[in-house]
1. Condition first: surrounded by fewer than 24 Cβ atoms within 10 Å (Cβ to Cβ), hydroxyl-bearing (Ser, Thr, Tyr) and either at pLDDT 95 or above or closer than 20 Å to Ser30 by Cα (or both). Can you find one or more residues in region 122-141 that meet it?
2. Spot the failing condition for Leu86; the list is (1) open to solvent by 50 Å² or more (accessible area, probe 1.4 Å); (2) under 21 Å from the mean Cα position of the chain (by Cα), and only one is missed.
3. Considering only region 29-81, give the helices (runs of 4 or more DSSP H) lying wholly within it that have at least 2 residues that are over 18 Å from Asp11 (Cα atoms).
4. Filter region 74-83 down to the residues that are open to solvent by less than 30 Å² (accessible area, probe 1.4 Å) and either more than 16 Å from the ligand (Cβ to nearest atom) or among the hydrophobic types (A, V, I, L, M, F, W, C) (or both), then identify the one that is farthest from Asn153 (Cα to Cα).
5. Out of all the residues in region 53-73, which are away from the ligand (no atom under 14 Å from the Cβ) and surrounded by fewer than 17 Cβ atoms within 10 Å (Cβ to Cβ)?
6. Could you grab me the full set of residues in region 95-110 that are buried (at least 22 other Cβ atoms within 10 Å of the Cβ) and closer than 23 Å to Arg132 by Cα?
7. In region 8-19, which residue that is open to solvent by less than 50 Å² (accessible area, probe 1.4 Å) and more than 13 Å from Met189 (Cα to Cα) is nearest to the ligand (Cβ to nearest atom)?
8. May I ask you to verify whether Pro196 is within 16 Å of the ligand (Cβ to nearest atom) and not small (Gly, Ala, Ser)?
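The values are calculated or read from the model by the stated rules, or taken from the named source; none is laboratory data. In this text, all values refer to a predicted model and were calculated from it rather than measured experimentally. Ideal geometry is used to build each Cβ from the backbone, glycine not excepted, and the neighbour counts take in all protein chains shown. With ligands, DNA and RNA removed, areas are computed over all heavy atoms of the protein, side chains included. Shrake-Rupley method; radii C 1.70, N 1.55, O 1.52, S 1.80 Å.
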Amino acid sequence: MKFFLDTANIDEIREANDTGLLDGVTTNPSLIKKAGRDFFEVITEIAALVDGPVSAETVAHDHETMLKEGLKCAKISDKIAVKVPLTIDGLKTCKALRAEGIMVNVTLCFSANQALLAAKAGASFISPFVGRHDDVGFNGMELIEDIRVIYDNYGFDTEILVASVRHPAHILESARIGADVATMPWDAMKKLFNHPLTTNGLAGFDKDWAATGFSIL
Ligand code: E4P
(Lines give C-alpha, C1' and ligand atoms only; values in the text may rest on other atoms or scores of the structure.)
Protein backbone atom coordinates (compact mmCIF):
# COMPACT_ATOMS: atom_id res chain seq x y z
CA MET A 1 0.00 0.00 0.00
CA LYS A 2 1.27 3.46 -0.88
CA PHE A 3 1.54 6.15 1.80
CA PHE A 4 0.74 9.75 0.84
CA LEU A 5 1.02 12.67 3.26
CA ASP A 6 -2.11 14.84 3.49
CA THR A 7 -0.59 18.27 4.04
CA ALA A 8 0.90 21.34 2.39
CA ASN A 9 3.37 21.81 5.25
CA ILE A 10 6.86 21.49 3.76
CA ASP A 11 8.56 20.71 7.09
CA GLU A 12 6.23 17.76 7.67
CA ILE A 13 6.68 16.55 4.09
CA ARG A 14 10.46 16.75 4.45
CA GLU A 15 10.37 14.76 7.72
CA ALA A 16 8.08 12.07 6.27
CA ASN A 17 10.12 11.92 3.06
CA ASP A 18 13.29 11.34 5.08
CA THR A 19 11.83 8.04 6.37
CA GLY A 20 12.08 6.72 2.80
CA LEU A 21 8.48 5.51 3.06
CA LEU A 22 6.61 8.39 1.44
CA ASP A 23 4.99 7.76 -1.95
CA GLY A 24 3.21 11.05 -2.60
CA VAL A 25 1.35 14.06 -1.21
CA THR A 26 -2.25 15.29 -1.31
CA THR A 27 -3.35 18.87 -0.75
CA ASN A 28 -6.71 20.64 -0.77
CA PRO A 29 -7.76 24.31 -0.47
CA SER A 30 -8.06 24.03 3.35
CA LEU A 31 -4.54 22.60 3.65
CA ILE A 32 -3.19 25.38 1.39
CA LYS A 33 -4.91 27.95 3.64
CA LYS A 34 -3.37 26.28 6.71
CA ALA A 35 0.12 26.38 5.15
CA GLY A 36 -0.37 30.14 4.59
CA ARG A 37 1.69 30.16 1.39
CA ASP A 38 1.17 30.90 -2.29
CA PHE A 39 -0.54 27.93 -4.00
CA PHE A 40 1.81 27.64 -6.99
CA GLU A 41 4.93 28.23 -4.89
CA VAL A 42 4.08 25.52 -2.36
CA ILE A 43 2.91 22.93 -4.93
CA THR A 44 6.09 23.50 -6.98
CA GLU A 45 8.22 23.01 -3.86
CA ILE A 46 6.39 19.80 -2.87
CA ALA A 47 6.73 18.36 -6.39
CA ALA A 48 10.47 19.04 -6.35
CA LEU A 49 10.80 17.30 -2.98
CA VAL A 50 8.85 14.04 -3.34
CA ASP A 51 9.10 11.28 -5.93
CA GLY A 52 5.43 10.37 -6.27
CA PRO A 53 2.17 12.08 -7.27
CA VAL A 54 1.29 15.48 -5.76
CA SER A 55 -2.40 16.34 -5.76
CA ALA A 56 -3.30 19.95 -6.56
CA GLU A 57 -7.01 20.76 -6.27
CA THR A 58 -9.04 22.83 -8.71
CA VAL A 59 -11.57 25.28 -7.26
CA ALA A 60 -13.93 26.16 -10.16
CA HIS A 61 -17.30 24.40 -10.31
CA ASP A 62 -17.88 24.56 -14.09
CA HIS A 63 -16.14 22.21 -16.50
CA GLU A 64 -14.60 24.86 -18.75
CA THR A 65 -12.89 26.82 -15.96
CA MET A 66 -11.98 23.66 -14.05
CA LEU A 67 -10.25 22.30 -17.14
CA LYS A 68 -8.23 25.51 -17.54
CA GLU A 69 -7.22 25.33 -13.88
CA GLY A 70 -6.28 21.66 -14.21
CA LEU A 71 -4.15 22.25 -17.31
CA LYS A 72 -2.36 25.12 -15.54
CA CYS A 73 -1.67 22.98 -12.44
CA ALA A 74 -0.42 20.10 -14.58
CA LYS A 75 2.20 22.40 -16.12
CA ILE A 76 3.96 22.66 -12.73
CA SER A 77 5.33 19.11 -13.01
CA ASP A 78 4.49 15.73 -14.50
CA LYS A 79 4.06 14.54 -10.88
CA ILE A 80 0.87 16.61 -10.51
CA ALA A 81 -2.41 14.74 -10.05
CA VAL A 82 -5.15 17.30 -10.68
CA LYS A 83 -7.89 17.04 -8.07
CA VAL A 84 -11.47 17.53 -9.23
CA PRO A 85 -14.68 17.15 -7.22
CA LEU A 86 -17.11 14.30 -7.73
CA THR A 87 -19.69 16.29 -9.73
CA ILE A 88 -20.83 16.02 -13.34
CA ASP A 89 -18.50 18.90 -14.29
CA GLY A 90 -15.70 17.33 -12.26
CA LEU A 91 -15.98 14.01 -14.07
CA LYS A 92 -16.18 15.72 -17.48
CA THR A 93 -12.96 17.50 -16.55
CA CYS A 94 -11.46 14.21 -15.35
CA LYS A 95 -12.10 12.62 -18.74
CA ALA A 96 -10.66 15.59 -20.63
CA LEU A 97 -7.49 15.73 -18.49
CA ARG A 98 -6.96 11.97 -18.75
CA ALA A 99 -7.18 12.29 -22.55
CA GLU A 100 -4.19 14.66 -22.26
CA GLY A 101 -2.29 12.04 -20.22
CA ILE A 102 -2.65 14.04 -16.98
CA MET A 103 -3.18 12.20 -13.67
CA VAL A 104 -6.52 12.96 -11.99
CA ASN A 105 -7.59 12.45 -8.38
CA VAL A 106 -11.39 12.60 -8.00
CA THR A 107 -12.15 13.94 -4.54
CA LEU A 108 -15.08 14.28 -2.11
CA CYS A 109 -16.33 10.74 -2.75
CA PHE A 110 -18.90 9.50 -0.24
CA SER A 111 -20.59 6.58 -2.02
CA ALA A 112 -19.61 3.46 -3.97
CA ASN A 113 -21.80 4.62 -6.88
CA GLN A 114 -19.80 7.84 -7.06
CA ALA A 115 -16.59 5.77 -7.09
CA LEU A 116 -18.01 3.69 -9.97
CA LEU A 117 -18.66 6.89 -11.95
CA ALA A 118 -15.12 8.14 -11.31
CA ALA A 119 -13.62 4.86 -12.55
CA LYS A 120 -15.77 5.05 -15.69
CA ALA A 121 -14.44 8.60 -16.22
CA GLY A 122 -10.91 7.13 -16.15
CA ALA A 123 -9.79 8.63 -12.82
CA SER A 124 -6.25 7.75 -11.76
CA PHE A 125 -7.30 7.97 -8.09
CA ILE A 126 -10.63 8.02 -6.26
CA SER A 127 -10.60 9.69 -2.83
CA PRO A 128 -13.30 8.36 -0.48
CA PHE A 129 -13.30 10.42 2.74
CA VAL A 130 -13.51 7.87 5.56
CA GLY A 131 -13.18 10.24 8.54
CA ARG A 132 -15.90 12.63 7.36
CA HIS A 133 -18.09 9.61 6.54
CA ASP A 134 -17.64 8.30 10.11
CA ASP A 135 -18.43 11.80 11.46
CA VAL A 136 -21.99 11.66 10.09
CA GLY A 137 -22.72 8.17 11.42
CA PHE A 138 -21.69 5.94 8.50
CA ASN A 139 -18.86 3.41 8.46
CA GLY A 140 -16.14 4.85 6.23
CA MET A 141 -14.34 1.53 5.96
CA GLU A 142 -17.45 -0.22 4.60
CA LEU A 143 -17.32 2.28 1.77
CA ILE A 144 -13.73 1.24 1.00
CA GLU A 145 -14.75 -2.45 1.02
CA ASP A 146 -17.59 -1.78 -1.44
CA ILE A 147 -15.36 0.18 -3.80
CA ARG A 148 -12.69 -2.56 -3.70
CA VAL A 149 -15.29 -5.21 -4.68
CA ILE A 150 -16.72 -3.08 -7.51
CA TYR A 151 -13.32 -2.14 -8.95
CA ASP A 152 -12.17 -5.78 -8.80
CA ASN A 153 -15.44 -6.99 -10.41
CA TYR A 154 -14.75 -4.90 -13.51
CA GLY A 155 -10.96 -4.69 -13.49
CA PHE A 156 -10.90 -0.88 -13.13
CA ASP A 157 -7.36 0.39 -12.62
CA THR A 158 -8.42 3.53 -10.73
CA GLU A 159 -6.48 3.48 -7.46
CA ILE A 160 -8.45 3.64 -4.22
CA LEU A 161 -6.88 6.49 -2.25
CA VAL A 162 -8.31 6.44 1.28
CA ALA A 163 -8.66 10.08 2.39
CA SER A 164 -9.77 11.91 5.52
CA VAL A 165 -7.73 9.43 7.55
CA ARG A 166 -7.79 10.32 11.25
CA HIS A 167 -5.95 7.51 13.07
CA PRO A 168 -3.87 4.30 12.65
CA ALA A 169 -6.98 2.05 12.68
CA HIS A 170 -8.11 3.67 9.41
CA ILE A 171 -4.72 2.79 7.90
CA LEU A 172 -4.77 -0.79 9.21
CA GLU A 173 -8.29 -1.38 7.84
CA SER A 174 -7.33 0.18 4.49
CA ALA A 175 -4.42 -2.25 4.19
CA ARG A 176 -6.62 -5.22 5.19
CA ILE A 177 -9.20 -4.34 2.55
CA GLY A 178 -6.54 -3.84 -0.11
CA ALA A 179 -6.85 -0.11 -0.73
CA ASP A 180 -4.08 1.09 -3.05
CA VAL A 181 -3.14 4.26 -1.14
CA ALA A 182 -3.87 5.97 2.17
CA THR A 183 -3.26 9.69 2.54
CA MET A 184 -2.69 10.68 6.12
CA PRO A 185 -1.60 13.51 8.42
CA TRP A 186 2.04 13.25 9.55
CA ASP A 187 0.82 12.69 13.14
CA ALA A 188 -1.10 9.57 12.08
CA MET A 189 1.86 8.23 10.07
CA LYS A 190 4.24 8.75 13.00
CA LYS A 191 1.92 6.77 15.29
CA LEU A 192 2.36 3.70 13.03
CA PHE A 193 5.98 3.38 14.16
CA ASN A 194 5.12 3.30 17.86
CA HIS A 195 4.39 0.36 20.13
CA PRO A 196 4.91 0.40 23.93
CA LEU A 197 6.51 -3.07 23.80
CA THR A 198 9.07 -1.80 21.27
CA THR A 199 9.90 1.15 23.56
CA ASN A 200 10.11 -1.06 26.67
CA GLY A 201 12.05 -3.77 24.86
CA LEU A 202 14.60 -1.24 23.63
CA ALA A 203 15.03 0.18 27.16
CA GLY A 204 15.64 -3.35 28.49
CA PHE A 205 18.24 -4.15 25.81
CA ASP A 206 19.98 -0.80 26.41
CA LYS A 207 20.28 -1.55 30.13
CA ASP A 208 21.62 -5.09 29.65
CA TRP A 209 24.03 -4.03 26.90
CA ALA A 210 25.45 -1.25 29.07
CA ALA A 211 26.07 -3.86 31.80
CA THR A 212 28.16 -6.02 29.42
CA GLY A 213 30.64 -3.22 28.75
CA PHE A 214 30.93 -4.36 25.10
CA SER A 215 30.97 -2.03 22.12
CA ILE A 216 30.05 -2.87 18.52
CA LEU A 217 31.92 0.01 16.89
C1 E4P B 1 -7.29 14.57 0.82
O2 E4P B 1 -7.15 14.38 -0.35
C3 E4P B 1 -8.53 15.09 1.42
O4 E4P B 1 -8.82 16.37 0.94
C5 E4P B 1 -8.36 15.08 2.91
O6 E4P B 1 -7.90 13.79 3.30
C7 E4P B 1 -9.58 15.49 3.70
O8 E4P B 1 -9.31 15.28 5.06
P9 E4P B 1 -10.20 15.93 6.24
O10 E4P B 1 -11.54 15.28 6.24
O11 E4P B 1 -9.42 15.63 7.48
O12 E4P B 1 -10.29 17.41 5.94
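1. Looking through region 122-141, at least one residue is surrounded by fewer than 24 Cβ atoms within 10 Å (Cβ to Cβ), hydroxyl-bearing (Ser, Thr, Tyr) and either at pLDDT 95 or above or closer than 20 Å to Ser30 by Cα (or both).
2. Leu86 satisfies all of (1) open to solvent by 50 Å² or more (accessible area, probe 1.4 Å); (2) under 21 Å from the mean Cα position of the chain (by Cα) except (1).
3. Output list reads 63-74.
4. Going residue by residue through region 74-83, those that are open to solvent by less than 30 Å² (accessible area, probe 1.4 Å) are 74, 77, 80-83.
Cutting the leftovers down to either more than 16 Å from the ligand (Cβ to nearest atom) or among the hydrophobic types (A, V, I, L, M, F, W, C) (or both) gives us 74, 77, 80-82.
Working: Ala74: 31, Ser77: 33, Ile80: 29, Ala81: 25, Val82: 26 Å.
Among them, the one singled out is Ser77.
5. Those that are away from the ligand (no atom under 14 Å from the Cβ) and surrounded by fewer than 17 Cβ atoms within 10 Å (Cβ to Cβ): His61, Asp62, Glu64, Thr65, Lys68, Leu71, Lys72.
6. Of the residues in region 95-110, the ones buried (at least 22 other Cβ atoms within 10 Å of the Cβ) are 97, 104-107, 109.
Within region 95-110, Val104, Asn105, Val106, Thr107, Cys109 qualify.
7. Top of the filtered list is Ala8.
8. On the way: within 16 Å of the ligand (Cβ to nearest atom): no; not small (Gly, Ala, Ser): yes.
In short, no.
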